[in-house]
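Report on the following structure.
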Amino acid sequence: MSTTTEIDQLHELIGGLRRCVTSLASRYGDTPAMRRIVNDAERILNDIDRLDIDAEELDLVRGVNARHHHVLEKIGIPDTQYASDFWQDVDDEGLGGTR
């Protein structure tokens, strides 16, 4: 599945991002700008972790759909009128009518 390869590539890129952020943090120290960069990187890492969970869920759903893919039975609906007592005690809301 190509999604697995793409997710693996994302993990490699995230590893590179982590190394870059660590290098920048050691160079620039604990400054407000560096804290923002670290926070942004952490947010991206968390999103990638969620992506892994979502990809697993999509694989499960796709597997279930592939196994249970079948033609649904069509149910005929007759054109005959319903008995008048069928609609008894039903409010007719109508469309845009005035009272």
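What follows is calculated from the coordinates using simple rules that are stated; it is not laboratory data. Since the structure is predicted, the reported quantities are computational estimates derived from the model, not experimental observations. Every residue, glycine as well, gets a Cβ built from its backbone with ideal geometry; the counts of neighbours run over all protein chains shown.
Given points 7 Å out from each Cα along the Cα-Cβ axis, report the LEU13 to PHE86 separation in nanometres with one decimal.
In this crude spin-label approximation the distance works out to 5.7 nm.
Using alpha carbons only, what's the Rg to Rh ratio of the stretch 1-54 with Rh from Kirkwood?
1.08
Taking 0.36 nm per residue of separation and subtracting the Cα-Cα distance, what length does fully extending ARG43 through THR31 add?
2.5 nm
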